[in-house]
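See below for the structure under consideration.
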Amino acid sequence: MSIALLSDVERFRVPPEVVNATDRALREAGDRHAERFVLWTGHVDDSEFRVQAAYIPAQTAHTLPDGLCVTVDGDELHTLNRWLYKNNQTLGIQVHSHPTHAFHSDTDSTYPIVTQRGGLSIVVPDFARRGTAGTGVATYRLDGRGWRPVRGRKLRRLLVLNDEEVS
């Protein structure tokens, strides 16, 4: 039996119910002027990652002099790993909100929750007011050199939200 790797994934498919749950969670935190993480878990099937759940870990939102951030502590990461094992799922995508434009900050790159090469990090601007599938969303993929932006045609082939290619 071979182990399925995220680095072998050519397409991530996310169903509408996961996108909708994610948007609700990000907006709810945004209403309190807070960032939030939502983790998308599922299975690798050949060269496709099929998202099955939006996992919202316990987290702490921080307001710092130079901006906002959110942290997930070690005990909660352990809880996540136990949940993944029990449910036979893989963590493939981390999604989080920013108060303004979407970008991968130094903190995002240094302290990701998704750490497997090939995983995705999606940053949603404006506390998800336009949603995960809205304009201004930034998507990054982890490779051996770090988090690399994914845009345009490559993004449309890689990520399918709500059964539609990302524009």
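For the reader, a short list of remarks on this structure follows.
- Accessible-area ranking of His96, His78, largest first, probe 1.4 Å: His78, His96
- Rounded to the nearest 0.05, the FRET efficiency derived from the C-beta distance between Asn20 and Asp66 at R0 = 30 Å is 0.40.
- Probe 1.4 Å, protein heavy atoms only - accessible area per residue of the chain in square angstrom: 55 Å²
- Region 25-42-region 136-164 distance, computed between alpha-carbon centres (Å): 19 Å
- Of Glu164, Glu48, the order by accessible heavy-atom surface (1.4 Å probe, DNA, RNA and ligands excluded), from most exposed downward, is Glu164, Glu48.
- Percent of beta bridges antiparallel (DSSP, the chain, rounded to nearest 5): 70 percent
- With every protein chain in place, region 6-111: carbon and sulfur % of accessible area (1.4 Å): 47 percent
- Accessible-area order (highest first, 1.4 angstrom probe) of the listed residues Leu68, Leu26, Leu5: Leu5, Leu68, Leu26
- For Val14, solvent-accessible area (1.4 Å; no DNA, RNA or ligand), Å²: 0 Å²
- Extension gain for the segment Ala58 to His43, taken as residue separation times 0.36 nm less the Cα-Cα distance, is 3.1 nm to one decimal.
- Efficiency of FRET from Cβ geometry, Arg153 and His78, R₀ 41 Å, rounded to 0.05: 0.55
- For Val137, residues with placed amide H under 5 Å, excluding near neighbours: none
- Stretch gain in nm, segment Arg129-Ser7, where the contour uses 0.36 nm per residue and the Cα spacing is subtracted: 40.8 nm
- Derived scalar couplings between HN and Hα for region 42-52 equal x, 9, 8, 10, 6, 9, 10, 9, 9, 6, 10 Hz in order, rounded to whole Hz, by the Karplus curve 6.51 cos²θ - 1.76 cosθ + 1.60 (θ = phi - 60°), x for Gly and Pro.
- Phi to ³J(HN,Hα) by Karplus 6.51 cos²θ - 1.76 cosθ + 1.60 over region 90-97, Hz, x for Gly, Pro: 10, 7, x, 9, 10, 10, 8, 9
The values are calculated or read from the model by the stated rules, or taken from the named source; none is laboratory data. None of the values given here were measured: they were computed from a predicted structure. Please note: Cβ atoms are built from the backbone with ideal geometry, for glycine as well, and neighbour counts cover all protein chains shown. Accessible surface is based on the protein model in full, side chains and every heavy atom, while ligands, DNA and RNA are left aside. Shrake-Rupley method; radii C 1.70, N 1.55, O 1.52, S 1.80 Å.
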